[in-house]
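A quick write-up on the structure given underneath.
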Amino acid sequence: MRGELVRKLTARGLATGGAVLAFLVLALTGATAWGLCLAVAALAATVWERRVRPSADNVAETTLVAAGVLVGYARQLDAGFDPALTATALVLLGLVLLTGPLRQAGNLEIRVANLPVRAWVPQAAAVLGDAVAALLGLLALAALAGLPAAVALAATLLVGGVAAAVALDLARRRFRPSPAGSAVARALRRHQPEFVLHFSAPPGSEYQVTMWLPYLARIGRPFVVMVREPEFLAPIAAATSAPVVYCPTTRSMDEVLVPSLRVAFYVNHGAKNSHCIRFTQLTHVQLHHGDSDKAPSANPVSAIFDRIFVAGEAAIERYARAGIHIPAEKFVVVGRPQVEAIEVRSRPARGLTNPTVLYTPTWTGHNADADYCSLPVAEPLLRRLLDRGATVILRAHPYTAQNPASARQLARLHDLLAADRTRTGRAHVYGAVASRLTLTDCVNRADALVSDVSGVVSDWLYSGKPYAVIDMGTDGDRFVERFPLAAAGYVLRRDMADLDDVLTRLFDTDPLAEARWATRRRYLGDFPVDSYAEVFLAAARRELDPAWTAPVQRAAVAAPFTSAT
């Protein structure tokens, strides 16, 4: 998250500094052309800042740039008092002052994709700030070209007319709402969705939803995706044909959660989940976006859900091991449907020569106790893999770039692989190419895995192939107690002192081959390979059936709690 802070501070500095510099050059010097160019650069910086920091208020910067551009325009015309330029200034002043409030009002409106609803006003309000920046940029170019002030006035009135139409429509929606509800609510009632996927997360987290979308579609019932942050609307809508609705407020949720809904699914423990949990007429089901031995995978917040779909019995034991007591009947073992396309290698492949190795470093986490990232110690690992003739697939966590130190460490690994590819011709996969591959593609291409403590290990386990887990802590022998999945793999110490021994067991002898199959059943369920995902689909359909009632508590599920307490 430090990288995100650096980006925000950089954007703030460029926007503010650029605006002040452009105004000073235009107002106090005769370098009009340079000042107008600086104004365009400052406007670009304000647009970028709104991308990096959506809540940014650029009124002061935009006002300074607008004043500077008008001064420069007047100097370029050199015609004394110009009524058209004066009118342009007045309209611009109104636009600059109203853009922020209109954007805030528009952000309180529902936005939708993949639903036949015309809702141009919220989208227009959202981009009004960029439109004003583009207008000022055009005025700067018009000033440089010496165009008449009437041209500037016409362009300004055009944007001002759009802003006025947006303001009038937002006022009508606020003060004279339709008695039949919004157009989105009416369209959803016609769509008759039976379940909703509620999603709220930091930027860059849409993968948590997209991994589930194919399986939600295979349930065979109409559904809707509700996102709580506007940046997720477009990427998630592009990944599904189901309606995707952006609900900025709890009041807007009241419109979207139509009476036909029976179940709400969740893929994380985002704080805004509580906004949806309050709708007690729904059955609330936590799906998670992966299964691992990480501390966040046994979050006590899970207890608020009516059902917790887990991959295997190991997930239930994980809660008990963490001292979190959740009624056994809340858990439903459904496997991990995303692994169904992973190719299973039923026989050990010992004595591997020139293997393909998948390396999946995780990110540093929100807190120190969730930092399992091995990037700081990865260079000796990769060099030894290359010495063993391995082809490496390096697939880093999507959040890696948010930490500048992690980003630099990853860049060094990319350089190392690029140099080896040039020297040996081995087709290493990393960077943008690796990010375009699915995890399933990576697993199917590889012979062995080296990973941090993460959900990747659980997914890999389905393949039956060997893996190593890097211990980045100081737990020593207690590492496998804290992270039991590592017991069926080969534990690699942080100092890499046991690297050669681990690689020998990973590629040559693989003594834990049989233990992995028992672990696989505990973590991923003992379900037929040819119908693996059907277990999840059947469980989801049961929740959607109003006639279905929860089974009585099963001893097989309750046992881990008894033994752990």
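The values are calculated or read from the model by the stated rules, or taken from the named source; none is laboratory data. These numbers come from a predicted model, not from an experiment. Cβ placement follows ideal geometry from the backbone for every residue including glycine, while neighbour counts extend to all protein chains displayed. SASA here: full protein model, heavy atoms, side chains in, ligands and nucleic acids out. Shrake-Rupley method; radii C 1.70, N 1.55, O 1.52, S 1.80 Å.
Suppose we filter the stretch 382-406 for residues that are over 21 Å from GLY351 (Cβ atoms) and either open to solvent by 30 Å² or more (accessible area, probe 1.4 Å) or not β-branched (Val, Ile, Thr) (or both); how many remain?
Matching residues across the stretch 382-406 total 14.
If you check ALA67 against the conditions, is it of a type outside the set (Ser, Thr, Tyr), open to solvent by less than 50 Å² (accessible area, probe 1.4 Å) and either without any contact (Cβ under 8 Å) to a residue 12 or more places away in the chain or not in a helix (DSSP H, G or I) (or both)?
Working: of a type outside the set (Ser, Thr, Tyr): yes; open to solvent by less than 50 Å² (accessible area, probe 1.4 Å): yes; either without any contact (Cβ under 8 Å) to a residue 12 or more places away in the chain or not in a helix (DSSP H, G or I) (or both): no.
So ALA67 fails the test.
Having 2 or more residues that are touching a Ser or Thr at 6+ places or on another chain (Cβ under 8 Å) and β-branched (Val, Ile, Thr) is the bar; report the helices (runs of 4 or more DSSP H) wholly within the stretch 385-470 that clear it. Don't jump to the end; show me each part of the working.
Working: elements: 404-424, 431-436, 439-445, 455-461.
Output list reads 455-461.
For PRO101, indicate whether it is closer than 20 Å to TRP48 by Cα, surrounded by fewer than 18 Cβ atoms within 10 Å (Cβ to Cβ) and at pLDDT 85 or above. Show your work before the answer.
Values: closer than 20 Å to TRP48 by Cα: yes; surrounded by fewer than 18 Cβ atoms within 10 Å (Cβ to Cβ): yes; at pLDDT 85 or above: yes.
When the stated conditions are applied, PRO101 passes them.
Read through the list (1) in contact with a helix residue (DSSP H, G or I) (Cβ under 9 Å, 6 or more places away or on another chain); (2) of a type in the set (Gly, Ala, Ser); (3) more than 27 Å from ASN403 (Cα to Cα), then give the number of the only condition that GLY204 fails.
GLY204 satisfies every listed condition except (3).
Could you grab the pairs with beta carbons closer than 9 Å, sequence gap of 6+ or different chains, first residue in the stretch 86-102 and more than 14 Å from LEU135 (Cα to Cα), second one modelled with pLDDT of 90 or more and not in a helix (DSSP H, G or I)?
Every condition considered, no pair remains.
Checking VAL377 against (1) hydrophobic (A, V, I, L, M, F, W, C); (2) touching a Lys or Arg at 6+ places or on another chain (Cβ under 7 Å); (3) closer than 27 Å to ARG345 by Cα, which test does it fail?
Here VAL377 clears every test but (3).
Which ones in the stretch 311-339 are part of a helix (DSSP H, G or I) and either at positive phi or more than 22 Å from the chain's Cα centre (by Cα) (or both)?
So the first thing to find is which residues in the stretch 311-339 are part of a helix (DSSP H, G or I), and the list is 313-321, 328-330, 337-339.
Hits for the stretch 311-339 are GLU313, ALA314, ALA315, ILE316, GLU317, ARG318, TYR319, ALA320, ARG321, ALA328, GLU329, LYS330.
Would you mind telling me which numbered condition in (1) over 29 Å from ALA242 (Cα atoms); (2) polar (S, T, N, Q); (3) surrounded by fewer than 16 Cβ atoms within 10 Å (Cβ to Cβ) GLN123 fails?
Looking at each condition in turn, GLN123 falls short on (1).
Are any of the residues in the stretch 213-223 within 23 Å of VAL285 (Cα to Cα), among the small types (Gly, Ala, Ser) and open to solvent by less than 10 Å² (accessible area, probe 1.4 Å)? Steps first, answer last, please.
Let us first name the residues in the stretch 213-223 that are within 23 Å of VAL285 (Cα to Cα), namely 213-223.
This time we only want the ones that are among the small types (Gly, Ala, Ser), so: 217, 220.
Those still in the list that are open to solvent by less than 10 Å² (accessible area, probe 1.4 Å) too: none.
No, that holds for no residue.
Within the stretch 434-450, identify whether any single residue is out of contact with any helix residue (DSSP H, G or I) (no Cβ under 9 Å at 6 or more places or on another chain) and open to solvent by less than 50 Å² (accessible area, probe 1.4 Å), and answer yes or no.
yes
Can you go through GLY455, GLY464, GLY489 and tell me which one is open to solvent by less than 30 Å² (accessible area, probe 1.4 Å), farther than 23 Å from TRP363 by Cα and at pLDDT below 95? Steps first, please.
Values: GLY455 fails: farther than 23 Å from TRP363 by Cα; GLY489 fails: farther than 23 Å from TRP363 by Cα.
It is GLY464.
In the stretch 527-565, how many residues are part of a loop (DSSP other than H, G, I, E, B) and at pLDDT 90 or above?
Keep residues of the stretch 527-565 that are part of a loop (DSSP other than H, G, I, E, B), which gives 527-528, 532-533, 545-554, 565.
Okay, now just the ones that are also at pLDDT 90 or above, so 527-528, 532-533.
Summing the residues that are part of a loop (DSSP other than H, G, I, E, B) and at pLDDT 90 or above in the stretch 527-565 gives 4.
Checking ARG345 against (1) in contact with a Lys or Arg (Cβ under 6 Å, 6 or more places away or on another chain); (2) of a type in the set (Lys, Arg); (3) open to solvent by less than 30 Å² (accessible area, probe 1.4 Å), which single condition isn't satisfied?
Exception for ARG345: condition (3).
Inside the stretch 103-120, can you point out the residues that are more than 27 Å from THR240 (Cα to Cα) and free of Cβ contacts under 8 Å to residues at least 40 places away in the same chain? Don't jump to the end; show me each part of the working.
Keep residues of the stretch 103-120 that are more than 27 Å from THR240 (Cα to Cα), which gives 103-105.
Scanning the stretch 103-120 gives ARG103, GLN104.
Out of all the residues in the stretch 476-516, which are among the aliphatic types (A, V, I, L, M) and without any contact (Cβ under 8 Å) to a residue 12 or more places away in the chain?
Going through the stretch 476-516, the residues among the aliphatic types (A, V, I, L, M) turn out to be 480, 485-488, 491-492, 496-497, 499, 502-503, 506, 512-513, 515.
Across the stretch 476-516, the qualifying residues are VAL480, ALA497.
So, GLU49, is that one farther than 28 Å from ILE236 by Cα, charged (D, E, K, R) and either within 34 Å of the chain's Cα centre (by Cα) or open to solvent by less than 20 Å² (accessible area, probe 1.4 Å) (or both) or not?
Details: farther than 28 Å from ILE236 by Cα: no; charged (D, E, K, R): yes; either within 34 Å of the chain's Cα centre (by Cα) or open to solvent by less than 20 Å² (accessible area, probe 1.4 Å) (or both): yes.
No; evaluated as a whole, the condition is false for this residue.
Name the residues in the stretch 165-209 that are free of Cβ contacts under 8 Å to residues at least 40 places away in the same chain and surrounded by 17 or more Cβ atoms within 10 Å (Cβ to Cβ), would you?
The answer is GLU206, and nothing else.
Would you point out the residue of the stretch 134-148, among those that are crowded, with 23+ Cβ neighbours inside 10 Å and among the small types (Gly, Ala, Ser), that is farthest from PRO101 (Cα to Cα)?
Per the stated criteria, the residue is ALA143.
Which condition breaks for GLY94 when tested against (1) in a loop (DSSP other than H, G, I, E, B); (2) within 30 Å of GLN76 (Cβ to Cβ)?
Failing condition for GLY94: (1).
Considering each of ARG262, ARG307 in turn, give the residue that is touching a residue at least 60 places away in the same chain (Cβ under 8 Å), within 30 Å of TRP460 (Cβ to Cβ) and charged (D, E, K, R).
Numbers: ARG262 fails: within 30 Å of TRP460 (Cβ to Cβ).
Unique residue meeting the criteria: ARG307.
Go through the stretch 492-524 and give me each residue that's more than 27 Å from VAL333 (Cα to Cα), open to solvent by 50 Å² or more (accessible area, probe 1.4 Å) and touching a helix residue (DSSP H, G or I) at 6+ places or on another chain (Cβ under 9 Å).
The answer is ARG493, ARG494, ASP495, ASP500, PRO511.
List every residue pair whose Cβ atoms sit under 8 Å apart, with the two residues 6 or more apart in sequence or on different chains, where the first one lies in the stretch 449-465 and is basic (Lys, Arg) and the second, anywhere, is open to solvent by 10 Å² or more (accessible area, probe 1.4 Å).
LYS465/ARG345; LYS465/ALA349; LYS465/ASP447
For GLY351, indicate whether it is assigned to a loop (DSSP other than H, G, I, E, B) and farther than 25 Å from LYS294 by Cβ. Can you show your working first?
Values: assigned to a loop (DSSP other than H, G, I, E, B): yes; farther than 25 Å from LYS294 by Cβ: yes.
Here the answer is yes, as GLY351 does meet what is asked.
Which of the residues that make up the stretch 413-429 are within 21 Å of LEU503 (Cβ to Cβ) and surrounded by 14 or more Cβ atoms within 10 Å (Cβ to Cβ)?
Hits for the stretch 413-429 are LEU413, LEU416, LEU417, ASP420, ARG421, ARG426, HIS428, VAL429.
Do the conditions hold for ILE342, that is, is it at negative phi and part of a loop (DSSP other than H, G, I, E, B)? Even if it seems obvious, please write down each step before you answer.
Working: at negative phi: yes; part of a loop (DSSP other than H, G, I, E, B): yes.
Criteria met by ILE342.
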